[in-house]
Structure formats: C-alpha cells, structure tokens
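Peer 1: Mind having a look at this structure? Questions to follow.
The values are calculated or read from the model by the stated rules, or taken from the named source; none is laboratory data. Keep in mind that this is a model prediction, so the values were computed, not measured. Neighbour counts are summed over all protein chains in view; Cβ atoms, including those assigned to glycine, are modelled from backbone coordinates with ideal geometry. Each accessible area value is taken on the protein alone, full model and side chains, heavy atoms only, with ligands, DNA and RNA left out. Shrake-Rupley method; radii C 1.70, N 1.55, O 1.52, S 1.80 Å.
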Amino acid sequence: MKAYPLGEFEEIVLLTVGVLYDEAYGVAIKDAIEEKAHRKVSVGALQSALKRMEKKGYLQSREGEANTQRGGKPKRYYAITAYGKLALEQSKEIRMGLWNAIPKLALKFN
C-alpha cells in the first residue's frame, strides 16, 4: 500500500474541510477546528498547512467571488482531492487497527 502520510494537524484540517464541504475557506476552517477540536489555531499555521496539503495533492483550491466586505478580495475555498481521501482513509485504517489491537485489560483502570 502506498503511504499517504498525514500529521495530526493535517488530518484535522482535512477532516474539517470535508465537514465544511462547499463552505471550506480559511476563516471557516479555523473557526470549525477551534469549535470542534477545542484547539486554538493561528491563521499562519492554518495557511501553511493548507498550502502544504495543496502542494502534496491532498487539497485543491478555487477562488470565490469578490466580496465588498473583504475589500474586493475573494475567499479561497478548499476541497479534498482523491489523494486527500486516500490519505484520510489510510489514517483512519491505521488508527482503527491500533485501537482494535489494544487488549481490553490495557484500558481497564481501577
């Protein structure tokens, strides 16, 4: 099986892009991660991750319409690619395999 390595933050970003679907743009992604993962996210870290994952082929982006509230600057929307889907599936498979391999007694506490 070909490896599609994802760091933890990349996985969270990809999953969030999937959750937001057609509304996956920078601020919405940041807000959703902070709300759902209870994790503070800097704009710089998010933008770096988005660019890195686009370069890896896990995400693709497109410009939206210009917006007067944003000074005429369009939003950049993100979508998961086929490679991104494979990376998420592989990550899920690895995690589930590890969870399923933990002996029940290992997680039993008195």
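Peer 1: What relative contact order, as a whole-number percentage, does the chain give when Cα pairs under 8 Å and 6 or more residues apart are counted? Write down the numbers at each step before the final one.
Peer 2: Numbers: 115 pairs, mean separation 32.8, N = 110.
About 30 percent, as a whole number.
Peer 1: Mind scanning K2/K75; K30/K73; K51/K85; K2/K104; K2/K108 and naming the pairs with a C-alpha gap bigger than 27 Å?
Peer 2: Where the Cα-Cα span goes over 27 Å, the pairs concerned are K2/K75; K2/K104; K2/K108.
Peer 1: Once the dipole of segment 1-103 is set up with Lys and Arg at +1 and Asp and Glu at -1 on Cβ about the Cα centre, which of A101, I33, N67 lies farthest towards its positive end?
Peer 2: Value: N67.
Peer 1: Between E89 and A45, what length in nm is gained on full extension when 0.36 nm per residue of separation is reduced by their alpha carbon distance? Working shown, then result.
Peer 2: Details: separation 44, 0.36 × 44 = 15.84 nm, distance 2.37 nm.
The E89-A45 span can extend by a further 13.5 nm.
Peer 1: Just to confirm my numbers, what's the Cα centroid distance between segment 76-110 and segment 1-35 in Å?
Peer 2: 14
Peer 1: Heavy atoms only, 1.4 Å probe, whole protein assembly: order I29, I12 by accessible area, highest first. All intermediate terms of the calculation are to be shown ahead of the outcome.
Peer 2: Numbers: I29 0, I12 35 Å².
From most accessible down to least: I12, I29.
Peer 1: Cβ under 10 Å from I33's Cβ, I33 left aside: what net charge do those residues give with Lys, Arg +1 and Asp, Glu -1?
Peer 2: Values: positive: K30, K36, R39, K40; negative: D31, E34, E35.
Within the 10 Å Cβ shell, the charges total +1.
Peer 1: Further, regarding this structure: Just to confirm the number: angle between the C-alpha axis of helix 8-20 and the first principal axis of the chain, 0 to 90 degrees, nearest 10?
Peer 2: 60
Peer 1: May I pose another question? Take E54 and N67, extend 7 Å from each Cα along the Cα→Cβ direction, and tell me the distance between the two endpoints in nm.
Peer 2: 1.6
Peer 1: Using the charge dipole of the chain (Lys, Arg: +1 at Cβ; Asp, Glu: -1 at Cβ; taken about the Cα centre), state which of Y78, G44, G18 has its Cα farthest towards the positive end.
Peer 2: G44
Peer 1: Right, something else. Please provide three numbers in whole Å: the alpha-carbon extents of the chain along the principal axes, with the largest listed first.
Peer 2: Ordered largest first, the chain gives principal extents of 59, 36, 21 Å.
Peer 1: With all protein chains present and a 1.4 Å probe, how do F9, F109 order by accessible area, largest first? All intermediate terms of the calculation are to be shown ahead of the outcome.
Peer 2: Working: F9 40, F109 165 Å².
Reading off the accessible areas and sorting them downward yields F109, F9.
Peer 1: Treat every Asp and Glu Cβ in segment 28-110 as -1 and every Lys and Arg Cβ as +1, leave all other atoms uncharged, and give the resulting dipole magnitude about the Cα centre to the nearest 20 debye.
Peer 2: Values: 18 positive and 8 negative charges, 39 e Å.
I would put it at about 180 debye.
Peer 1: Round to the nearest 10 and give me the degree value, 0 to 90, for the angle of helix 82-101's Cα axis relative to the longest principal axis of the chain.
Peer 2: 30
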